[in-house]
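Structure first, commentary second.
The values are calculated or read from the model by the stated rules, or taken from the named source; none is laboratory data. Just so it is clear, the structure is predicted and the values come from calculations on it, not from any experiment. Glycine also receives a Cβ, built like all others from the backbone with ideal geometry; neighbour counts cover every protein chain displayed. Just so you know, the surface numbers come from the protein's heavy atoms only, side chains and all, with ligands and any DNA or RNA stripped out. Shrake-Rupley method; radii C 1.70, N 1.55, O 1.52, S 1.80 Å.
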Amino acid sequence: MAVIFIKIFDVVPVRFNLWVMLFTSCWVVYMLRVNISLNLIAMVPQVPHNTSSQSQCGPKDDIASNETLPHQDGAEVHASPIKVPGGASFNWTAEQQALILGSYFWCYPLTSLAGGMAAERWGPRYVVLVTSFVSAILTALSPLAAKLDYIALVIIRFFLGFAGGFIYPALHVLVARWAPPAEKGKFVSAMMGGTLGTVVTWSLTGPLMEKFGWASAFYVPGVLTLVWCGFWWYLVADTPSEHPRISESEKKYISEALGDKVNNSKGLPPFRKIVTSLPFLAMIILHYGNLWGLYFIMTVGPKFVSSVLGFELSAAGVISALPYLARLFLATIFGVVGDFILARKLMTTTFIRKFFCIFSHILPGILLVLLVYAGCSTALSVSLITMSMGFNGAATLTNLQNHQDLAPNYAGTLYGIANCVGSTAGFFTPMITAYFTSSENSFESWRPVFFLGASVYIVSAIFFIIFGTGNIQAWNFAPDDKDDKEERTNGDLKDLSNSKINNGDAKEIKETPLNVTT
């Protein structure tokens with residue numbers, strides 16, 4: 001059966017296989033990241049939660065009150081009274097649980113910074129394969145570590161974050177080497193696989209623990225990841241020229257579409273030119289605004305609905321999944337629209353990046369402001385949160401692609417730097433929220449929090465619209481490319497959308513563009 005399944009992959013375009021593996025790789029890394037949030041609920045006895053302050057709108061009669069576990073991985077996790085075989089094994093304090101949950105992120109930004117350079121030097125295929133394999137083994141060892149001591153589990157989670165930081169920058173290197181400019185939006189939208197991975201993992205973990213015990217929620221993801229590693233090893237190659245089963249027509253289409261913009265240079269990136277580049281700074285700021293808004297909606301939004309409106313958003317599984325699913329769905333739609341526009345040259349790359357900031361940053365910011373004025377309408381508040389995160393799916397055409405425009409040779413390095421800086425938003429947003437809401441949970445106390453979140457969203461977009469670009473930078477090319485460097489960059493920059501996919505003879509490439517639907 002496995003052989004037949006693998007043969008099926010051999011008869012479809014390699015680019016489609018690559019899209020699937022990109023999507024599932026993000027799914028896998030999030031599955032191993034977020035499963036601990038629900039696992040802890042079954043592992044530790046839950047103490048009834050007594051609140052000292054009432055929500056301004058009063059509690060909702062049809063929703064049970066649940067205790068919130070502190071963690072730094074996105075959406076709120078609420079402790080419901082789950083009865084599982086072998087559950088409630090450890091009497092860990094809230095501080096110890098927070099230590100376990102937060103340890104994943106202690107080294108994650110640093111390895112994210114190094115992940116792109118590692119993939120550019122040794123190849124993204126092996127970087128993703130090794131780090132995913134190690135992550136699977138560490139996840140399977142988590143029950144044993146928990147039984148030894150909570151510190152052992154902290155160490156396991158630390159090294160999981162260490163390995164996980166390499167993956168996303170490495171995937172962006174793979175996209176730079178494989179995705180034709182007219183299809184890049186589809187490939188970048190595959191990075192939203194982690195969103196669906198979060199929803200599915202949280203949906204399946206509860207039933208899995210109820211039937212087989214909390215340890216199974218570590219073993220099953222670990223085994224699934226090991227199986228996935230086998231498919232990754234078989235289906236993925238660093239470049240089209242290295243893939244053993246790609247057709248000559250597809251290889252020619254990709255190589256001629258990419259032209260000479262991407263090579264496999266193993267030298268160090270030109271850091272001085274990178275950090276002094278204004279377009280790169282604009283991309284960093286735009287990416288920071290995106291992550292600030294994303295963390296803000298995923299953490300502060302549900303907390304606001306819970307503490308002010310008196311509604312436990314995550315107690316209703318379908319409702320809590322809506323913002324994630326909306327972002328995944330609209331990211332795919334925006335990716336297809338952007339590719340359509342670019343393929344037909346209706347807009348330049350630069351104009352696309354700046355125009356879609358309206359959807360990825362400005363509209364989500366406006367919706368955050370409206371959320372604090374929604375009053376005690378739970379339905380309206382949930383709708384605004386969902387739309388805000390959904391429109392942010394347009395980030396597949398803005399900050400999640402711009403590093404590919406600026407320097408495809410160093411796309412992983414640029415993304416790693418941006419992600420390292422942007423990850424700090426995950427630490428600041430809870431601190432700022434606590435500062436303004438420490439005394440009471442009211443619309444008045446929450447209003448500055450939402451204004452600040454919206455401001456970061458909108459100001460970062462305005463900065464990018466003024467100073468950003470979708471043009472390739474001169475420092476993308478090796479210093480010894482002197483003969484044609486000036487022609488490539490037009491003195492400094494060259495628009496990717498104006499690149500040719502032929503050899504000057506107007507010969508049409510007959511390769512059918514990749515179509516991806518989810």
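Data table
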read-out	value
First in segment 200-228 and without any contact (Cβ under 8 Å) to a residue 60 or more places away in the chain and assigned to a helix (DSSP H, G or I), second anywhere and crowded, with 18+ Cβ neighbours inside 10 Å and among the polar types (S, T, N, Q), Cβ under 7 Å, 6 or more apart	208/216
Residue selected from segment 1-60 under the condition surrounded by 14 or more Cβ atoms within 10 Å (Cβ to Cβ) and not in a helix (DSSP H, G or I), by the criterion modelled with the lowest pLDDT	60
Among (1) under 19 Å from residue 289 (Cα atoms); (2) of a type in the set (A, V, I, L, M, F, W, C); (3) open to solvent by 20 Å² or more (accessible area, probe 1.4 Å) - the single one residue 356 does not satisfy	(3)
Residues of segment 144-170 satisfying the condition of being open to solvent by 10 Å² or more (accessible area, probe 1.4 Å) and part of a loop (DSSP other than H, G, I, E, B)	149, 166
Those residues of segment 324-338 which are open to solvent by less than 10 Å² (accessible area, probe 1.4 Å) and more than 17 Å from residue 465 (Cβ to Cβ), in sequence order	331, 335
